[in-house]
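Asks: Submitted below is the structure of interest, expressed as structure tokens.
The values are calculated or read from the model by the stated rules, or taken from the named source; none is laboratory data. None of these values were measured; they are calculated from a predicted model. As a convention, Cβ positions derive from the backbone with ideal geometry for all residues, glycine included, and neighbour counts pool all protein chains shown. Only protein heavy atoms, including side chains, enter the accessible area calculation; ligands, DNA and RNA are left aside. Shrake-Rupley method; radii C 1.70, N 1.55, O 1.52, S 1.80 Å.
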Amino acid sequence: MLKTSLKRALTGFFVLATAASLPFGQAFARDLTIQVWAGGSNVADAYRVDAITMAADILEREADIRGEELNITVETKYDFDGWGGFKQAVILAAEANNAPHIVVTGHGDIAPWSQSGLIRPIEDYVDFDSWPLNDLFENLIEISSYEGVIYGVPQDAESRPFFGWIPHLKTIGYSDADIRAMPGKVQRGEYTLEDVLNDAKKIQDAGLVEAGYGWYPRVSKGGDYWQFYQSYGGEMLDSSSGKLVFDKAAMQKVYEFFAKAVEMGVTRKNHIGTPWDQWYSEVASGKAGLWHGGTWHYARYTGKEGLKDFFGSVMFSLIPAGDSNGKANTITHPLVYLVTNRGSEDDAAIAAQLITIASEPRINTLHAIKSAHLGIAKSQQSVPLYANDRWASEATVRLLPYASAQPNHTGFSPYFDAMWKGLEASWTGQKSPAQAIADVESELKVQLGGDIIIR
Amino acid sequence: MSQNFKNWPILTGLVLATVPIVLMYSYLVLDTVTDTKPGSIFPNSFTLEHWRFLYEDIEGKANIWQVTLNTLVFASSVMLLVLSVSSTAGYALSRLNIPFRREFLAGVLILHAFPSITLIIAIFLILQLIGLYNTLIGVIIVMTSLQLPLGIWIMKGFYDSVPWEIEMAGLQDGASRFTVWYRLVLPQVRPGIIALGVFSFLSGWGEYILPTVLAPANNVQVLSGYLASLIADDRNFEFNLFKSVGLFYATPVVIMYLFFQDKLMNIYGGGTKG
Amino acid sequence: MEIILEDFTKRFGDVTVIEKMNLKIREGEMLALLGPSGCGKSTTLFTICGIHRVDGGRVLFGEKDVSRVAAQQRNVGVVFQSYALYPHMSVFENIAFPLTVRKENKNTIREKVAEIAELVHIGELLERRPEQLSGGQQQRVALARALVRKPGILLLDEPLANLDAKLRLEMRSEIRRIQLETRISAVLVTHDQVEAMSMSDRIAIMKEGEILQVASPTEMYQQPVNDFVAGFLGNPPIAFLNALVQDGKIDVLNGKIQFDFPRNAKPSNSTKIRLGIRPEHYQPNNPIQIPGTISFVETQGRENLYDVKLEDGSILRSIQSSAFGTIEKNSQVSWGVQPDQLLIFDQAGNSI
Amino acid sequence: MSLSAKLGYVFIAPALVLVAVFFLTPVVLTGIFSFTNMSTATGITGGAYQITPSLLRDLSGNGFEKKTLDTIGTESYQVSQATLQVAREAGSHLDLLSELEADHLGSNFKNRREFERFLKKLQNRPRSTRELKSTSPHFKKSLINERFETEIDLRNSLVEMQANLSEEQLNTLIQAAYTGWIWTTDNFHKMVILPETKQILFNTIIYVTFTLLLFNVGFALVLAIATFYLPKGQAGVFRALWLLPRISPSVLYVVLWKWLTWDTGFLNAILNPLGVAQRNWMLDTTLNAWFFVVLINGFIGASMGMILFSSAITAIPKPLLYASEVDGANRWQQIRFIILPQLKWPILFVTVYQCLSLLTSFEQILLSTDGGPGSSTEVWALAAYHSALDNYWGNLQYGYGAALALVLVIIGVIMSFIFLRFFRFQELVRQPRIEQ
């Protein structure tokens, strides 16, 4: 009745039939090469691809026990020049029917890539009711799905917390207990974005940091800024209609918040575009008062930047609520393992199996701890390597349960771009926040038409 | 040239304007063998540490020698192809009675100043259609094609300046048109061939976008992509390493340049006289 | 070998440069194609050697129609105005080139080159490069290269134009010597009448794509077919005087001077004619005296050249030995002509 | 055909083929792409047909009955004779099918997950995930998220569903379900309306004008004239130095500028002791970014003008210069009245040629500021590249990128024609003098 299913089934049948026709125990030799590409990765993230290599070893052993001979060669690559270069390479390779079998990329790519058929629904190959997939955080699986289909397996998680430099906070009057209580206060909405600006001002006025360093946000475009939209009660996706949402009032408050920060002098007008290098070294050495960043920054602060006593120096929490409409929140932008349309059904099945094995808590923890990302599964809390890492375990508990994600929607990228342009314009004073909102609205109407609900 | 004017004001002005170039390139060399602390002007101690990439692969990166070999193959193939195709086509357009010669020439002239790189999406599609995506050969052919209008134009200019009598004499001496071209005319345009050859080799050697987009695979990576991916990796930010790789990358260029500098100045010798 | 151009026509695009020209170059002769620049003489030469194609008529080498034969197959030796030596080859290689493209064997080539080098006196220059040679030497090499494969005909395109005056004299006789020694038919293209007269057996004089006269140098000097030919030959050039035929006599200066018409075929009364008087024929001792004022004196060493302005404003030229002293400018003189030495042209310029 | 024409064809053929395939065809394709909504999501070579939940949600407001849409869209897994038959034909495990037929005929499951959980509890349950996964689809009774390669497949399946669709509705549905690209002029519409178009247009004008006037022509002139007055050796050194940026690989060249200007760079190392705060001079402000973008490109661009102008100056007859000096001209007058007039043609040439090159160049900007800070140095060509090939989101906009490129192509063609006029084309195509 359903032709595609039929085709799939027939292939399956032939494979089974061939397998069945072999006398039991006879070696069933199979050699294949699986390519894995990971984007946005560097040496510290090598386990994104190495986990697949490890999984291949396990799968080979399993096959061996069953009496089959399986030889999997895993080819890995992650030295792309940035996310742009990686995605370009994957997409063009896929158009040339030459994509790697497995890609590790941001979950946001699921929407366009599934529409074009570049990726296969992973739920066709693996059972989310069995180990280890049944142990994954539900919200991460949700983020790996599109149109009700699970396309990917989350590879890691992170979150973009709010940070404060403890010595400065103490100088402006917070006690140790206050600081310990702060994440809770943030979570309950008792400490808001308004307090952020006020404290930033105090820190600056106390001469602890230079002008414009009181509130020291991310220096470039990024998903982080949507957290502030949520802080003011903005919604990105309307869950009932599946359409994007542009909440003008909430967005205007975001623009006003950053415009006000510049106006108060706690953030530099030309802050955007500051090189990351400089930014890292500044926030890791107390040159900034309050800032927001990513959980993975921990590795950089304590590694290259040489911050010895992280927990004594840096307070972290959810991004505070902006007003009573919104609440404290954080956004996670998990990477996901995706199986591409490359190769036969059989290849895809093996690729999916490799991904499943690579998602075992122990293997995934290697990546989480080495790269300072967060885990993907509940039981990782009981893997010693994970549990013994103060950062991983504290951050997971404090942040991950409250993490949401940017929507998987083909229209989100123009929305994202438009939102950022408006923010940049109000930040640098090119436009008033109201004007910027009006411009974003007209652009969204052109770009997205009926795909977005404007409130 | 003239003794009637003083030189020092000119010299001073030029020296000032040239300071950034001199600074950048001399520190390029200096920093590869020293450790200059970030933010300080003077290098301190001598070290060969930044050159370690020559004998041990940087983690997660391709092998430098493989990449260098790719680059060499890429640049020299582009050079040879551009030279052979431009020198024949340029001759045909300059000297041979072919129908539509006018149209060909106008075409070359238009393409000569054309936004070629913006066509890259379509180029990708064609390359993919003929199965040359992600191969060095594919990028070589594309790079050559994009350089051809300039190459043909330059060669035509050089051919135009060869005296007709030489060719006429050759014909009278009983040589075929091909022999005349090969044995008599080609030697006359040697400056053009050298200039164009050096120019296209250098363009191939330095090209970044085409290989990056059309052949991203590791085994066909060229030095531009290697260096760019090194820089993109923001957890390994080390200027001295970039510079060492950069110097390694630039050395063949600089050597060629020293040898052929005068010749390269000739590049526009034929093609742009109005 | 005899070369014949038969109704030869040549067009460049829409412009017809030469229409139905006929010319014959005899076996072993040196024929000069003489004419002002742009008259079509080089075009003719390039057509004979096959660089240009014939648009009408035929080119015959002996009996053979070569109109459609490629330049390479015509076996014509050409010496170009610029010599067109191959700059990247040595003298030896230059001369040997025609033989090497024919794939002759090395020893033969060496012998032939040596032989021809001997003929043109450049035996000691064989290892040099063209840029190391003087103009005259380059000229000799070009000659040697043209002759080495024993062409049926030798074409010389303004061969002396790029040489200085002294060398020009020397090469003039050299080329003639070599041509005579090899007994090769040759065509010399030149705009210099002295060159044409001194080097060739016959001259074909051209104007605007047309051959006006073909004759030996002496014949052409003495009996030009028209005033153009008369004016083109001779240095210092011929002077013209307007006259009128009246009662079988020639009236000059409005009848002040009259003398008998020197030829049999007399034009009718009141015919306007032009008298061509060469400077060597306007001399003190001649019978028909024509007075005037010396308006210009040019001392040439052995001889003096005088311009004499007549009362009607026309100018006659006289050349006289300087042995008898120089006559001052503005002096009144009365020098004469001999009627039978006069060249007489009708209004259209044709010789009577 | 004459011999030379034959040789001519042989000689020109390789160039013709290469240029036609990799230059002209891309131009044509770019034109075609620009009238499509082609992107990663639609694919380049065509799409498939897929009915997604959001598609059905969109249609529900468009005259489709809810019941119809539910029939198509509500996912359900049924054990029925029909589905069992399909499974049997597909080769699913017979024991399992028998068990289903015997005990569970008529069972209905909300979704795949539920059905598979059920299957796993059976006696003759599938022995592997693989088998489970290949068995369950046969029992699916919905088209939701099903991917059909051709229109016919979808149409047939829809008809089979007996969803009570009119022919018109069927067509609407099929059209909406298409995932590939469609023809559209939206790209140009978008280009006109989007405020960022104005921004990149403005950026492009700034970039081309300043680089061209200050460096490619202006400074090139200064260099050519200045080196002309210097002794040969010194002039050679300067010319050589100024050609270095041109021949250096761009990636390396830009690294050097970063080293000079970034926060830990050389400029700061010099300025810091003087009390200037450390900052990234390249990306600090829009003004700075422009300053360095122009400098980076200008240092490369100056060499072409330098070479051309130098050779034009050298071609000026020496007596002219001596005469002017004897006449008492000072240097400025000599430059003004003798040298500059001689450079009229080369200046015109360089201006037009470099204008076009600058218009289409973006590599150095891509490598240095990448259009930043914000999009203040995003020029037209870079915007085309970014939208078509390099954006943070994995949805490359081929169609829009091609439309942006097409604008450059058109400008390029127009300017090339102007170019042709400058080139005294007639002279260039003079007939060959050898006529065979």
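The rows are residues; the columns are (1) of a type in the set (K, R); (2) buried (at least 24 other Cβ atoms within 10 Å of the Cβ).
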position	(1), (2)
A:W296	no, no
A:G303	no, no
A:K327	yes, no
A:R362	yes, no
A:A368	no, yes
A:S371	no, no
A:L374	no, yes
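Asks: To continue, here is another question. Report, by residue number, each residue of segment D:163-188 that is free of Cβ contacts under 8 Å to residues at least 40 places away in the same chain and either of a type in the set (S, T, N, Q) or in a loop (DSSP other than H, G, I, E, B) (or both).
Replies: D:S166, D:N171, D:Q175
Asks: Taking segment A:80-103 only, how many residues are of a type outside the set (F, W, Y), on the phi < 0 side of the Ramachandran plot and assigned to a loop (DSSP other than H, G, I, E, B)?
Replies: Total meeting the criteria: 6.
Asks: Within segment D:296-318, which residues are open to solvent by 30 Å² or more (accessible area, probe 1.4 Å) and either within 10 Å of another protein chain (Cβ to nearest Cβ) or of a type in the set (V, I, T) (or both)?
Replies: Residues satisfying the conditions are D:S311, D:T314, D:A315, D:K318.
Asks: Check whether at least one residue in segment D:100-110 is in contact with a Ser or Thr (Cβ under 8 Å, 6 or more places away or on another chain), at the interface with chain A (Cβ under 8 Å from one of its Cβ atoms) and crowded, with 16+ Cβ neighbours inside 10 Å, and report yes or no.
Replies: Scanning segment D:100-110, I find no residue that is in contact with a Ser or Thr (Cβ under 8 Å, 6 or more places away or on another chain), at the interface with chain A (Cβ under 8 Å from one of its Cβ atoms) and crowded, with 16+ Cβ neighbours inside 10 Å, so the answer is no.
Asks: Working only within segment A:127-146, note down all residues that are buried (at least 24 other Cβ atoms within 10 Å of the Cβ) and not in a helix (DSSP H, G or I).
Replies: A:S144, A:Y146
Asks: Within segment A:376-389, can you find the residues that are in contact with a helix residue (DSSP H, G or I) (Cβ under 7 Å, 6 or more places away or on another chain) and either of a type in the set (G, A, S) or open to solvent by 50 Å² or more (accessible area, probe 1.4 Å) (or both)?
Replies: Matches in segment A:376-389: A:A377, A:K378, A:S379, A:Q381, A:L385, A:A387.
Asks: Quick check on my filter: what residues within segment A:409-436 are within 19 Å of A:I110 (Cβ to Cβ) and not charged (D, E, K, R)?
Replies: A:H409, A:T410, A:G411, A:F412, A:S413, A:P414, A:Y415, A:F416
Asks: Condition (residue is more than 10 Å from every other protein chain (Cβ to nearest Cβ) and touching a residue at least 60 places away in the same chain (Cβ under 8 Å)) applied to segment A:111-118: is it met by at least one residue?
Replies: Looking for residues that are more than 10 Å from every other protein chain (Cβ to nearest Cβ) and touching a residue at least 60 places away in the same chain (Cβ under 8 Å), one finds none in segment A:111-118, hence no.
Asks: Can we say A:E345 is open to solvent by 10 Å² or more (accessible area, probe 1.4 Å), in contact with a Lys or Arg (Cβ under 9 Å, 6 or more places away or on another chain) and among the charged types (D, E, K, R)?
Replies: Considered against the rule, which asks whether it is open to solvent by 10 Å² or more (accessible area, probe 1.4 Å), in contact with a Lys or Arg (Cβ under 9 Å, 6 or more places away or on another chain) and among the charged types (D, E, K, R), A:E345 comes out as yes.
Asks: Okay, next question. What number of residues in segment D:354-398 are under 14 Å from the mean Cα position of the chain (by Cα), farther than 21 Å from B:G206 by Cα and away from chain A (no Cβ under 13 Å)?
Replies: Looking only at that region, the number is 3.
Asks: A further question follows. Among the numbered criteria (1) in a loop (DSSP other than H, G, I, E, B); (2) under 19 Å from the mean Cα position of the chain (by Cα), which one does D:G47 miss?
Replies: Status for D:G47: all satisfied but (2).
Asks: Let me ask something else. Which members of segment D:336-353 meet the condition of being surrounded by 13 or more Cβ atoms within 10 Å (Cβ to Cβ), within 44 Å of the chain's Cα centre (by Cα) and assigned to a helix (DSSP H, G or I)?
Replies: Those that are surrounded by 13 or more Cβ atoms within 10 Å (Cβ to Cβ), within 44 Å of the chain's Cα centre (by Cα) and assigned to a helix (DSSP H, G or I): D:I339, D:L340, D:Q342, D:W345, D:P346, D:I347, D:L348, D:F349, D:V350, D:T351, D:V352, D:Y353.
Asks: Among the residues of segment A:75-87, are any over 24 Å from B:L227 (Cβ atoms) and touching a residue at least 40 places away in the same chain (Cβ under 8 Å)?
Replies: Taking every residue of segment A:75-87 in turn, none turns out to be over 24 Å from B:L227 (Cβ atoms) and touching a residue at least 40 places away in the same chain (Cβ under 8 Å).
Asks: Could you list, in sequence order, the residues of segment B:168-184 that are assigned to a helix (DSSP H, G or I), within 12 Å of chain C (Cβ to nearest Cβ) and crowded, with 22+ Cβ neighbours inside 10 Å?
Replies: Answer for segment B:168-184, where residues must be assigned to a helix (DSSP H, G or I), within 12 Å of chain C (Cβ to nearest Cβ) and crowded, with 22+ Cβ neighbours inside 10 Å: B:M168, B:A169, B:G170, B:L171, B:Q172, B:R177, B:V180, B:L184.
Asks: Further question: Can you pull out the residues in segment A:280-311 that are in a helix (DSSP H, G or I) and among the β-branched types (V, I, T)?
Replies: A:V283, A:T302
Asks: Considering segment D:79-96 alone, what residues qualify as being within 11 Å of chain A (Cβ to nearest Cβ) and outside any loop (DSSP other than H, G, I, E, B)?
Replies: D:A82, D:T83, D:Q85, D:V86, D:A87, D:R88, D:E89, D:A90
Asks: Restricting to segment C:273-291, count the residues that are more than 30 Å from the chain's Cα centre (by Cα), over 14 Å from C:F259 (Cα atoms) and surrounded by 15 or more Cβ atoms within 10 Å (Cβ to Cβ).
Replies: 1
Asks: Taking segment B:18-32 as the search range and keeping residues that are open to solvent by less than 40 Å² (accessible area, probe 1.4 Å) and polar (S, T, N, Q), which one is nearest to the other protein chains (Cβ to nearest Cβ)?
Replies: Residue satisfying both the conditions and the ranking: B:T18.
Yes or no, residue by residue, for (1) aliphatic (A, V, I, L, M); (2) part of a loop (DSSP other than H, G, I, E, B); (3) within 14 Å of chain B (Cβ to nearest Cβ):
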| position | (1), (2), (3) |
| --- | --- |
| C:A32 | yes, no, no |
| C:T43 | no, no, yes |
| C:Q81 | no, yes, yes |
| C:A84 | yes, yes, yes |
| C:F92 | no, no, no |
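Asks: Now a separate question. Write out, first by first residue and then by second, each pair whose Cβ atoms fall under 7 Å of each other, whose residues are 6+ apart or on separate chains, and whose first residue, in segment B:51-73, is more than 14 Å from chain A (Cβ to nearest Cβ) while the second is of a type in the set (G, A, S).
Replies: B:W51/B:S244
Asks: Is it the case that some residue within segment B:195-208 is buried (at least 20 other Cβ atoms within 10 Å of the Cβ), farther than 20 Å from B:L83 by Cα and at pLDDT 85 or above?
Replies: yes
Asks: Tell me, which residue of segment A:401-420 that is among the aliphatic types (A, V, I, L, M) and within 16 Å of A:D224 (Cβ to Cβ) is surrounded by the fewest Cβ atoms within 10 Å (Cβ to Cβ)?
Replies: Result: A:A405.
Asks: I'd like to verify a number: residues in segment D:36-52 that are more than 7 Å from chain A (Cβ to nearest Cβ), within 28 Å of D:E75 (Cα to Cα) and of a type in the set (S, T, Y), how many?
Replies: Adding up the residues that qualify gives 1.
Asks: For residues in segment C:94-119 being touching a residue at least 24 places away in the same chain (Cβ under 8 Å) and open to solvent by 20 Å² or more (accessible area, probe 1.4 Å), which is nearest to the other protein chains (Cβ to nearest Cβ)?
Replies: Of everything passing the filter in segment C:94-119, C:R102 is nearest to the other protein chains (Cβ to nearest Cβ).
Asks: Those residues that are open to solvent by 80 Å² or more (accessible area, probe 1.4 Å) and either part of a helix (DSSP H, G or I) or farther than 21 Å from B:K6 by Cα (or both), I need them from segment D:319-335; list them, please.
Replies: Scanning segment D:319-335 gives D:P319, D:Y322, D:V326, D:W332.
Asks: Go through segment C:296-328 and give me each residue that's of a type in the set (S, T, N, Q), surrounded by 13 or more Cβ atoms within 10 Å (Cβ to Cβ) and in a strand (DSSP E or B).
Replies: Once the filter is applied, which keeps residues that are of a type in the set (S, T, N, Q), surrounded by 13 or more Cβ atoms within 10 Å (Cβ to Cβ) and in a strand (DSSP E or B), segment C:296-328 yields C:N304, C:S318, C:Q320.
Asks: Take the residues in segment D:120-157 that are part of a loop (DSSP other than H, G, I, E, B) and aliphatic (A, V, I, L, M); name whichever of them is farthest from the other protein chains (Cβ to nearest Cβ).
Replies: Among those residues, the one meeting the criterion is D:L122.
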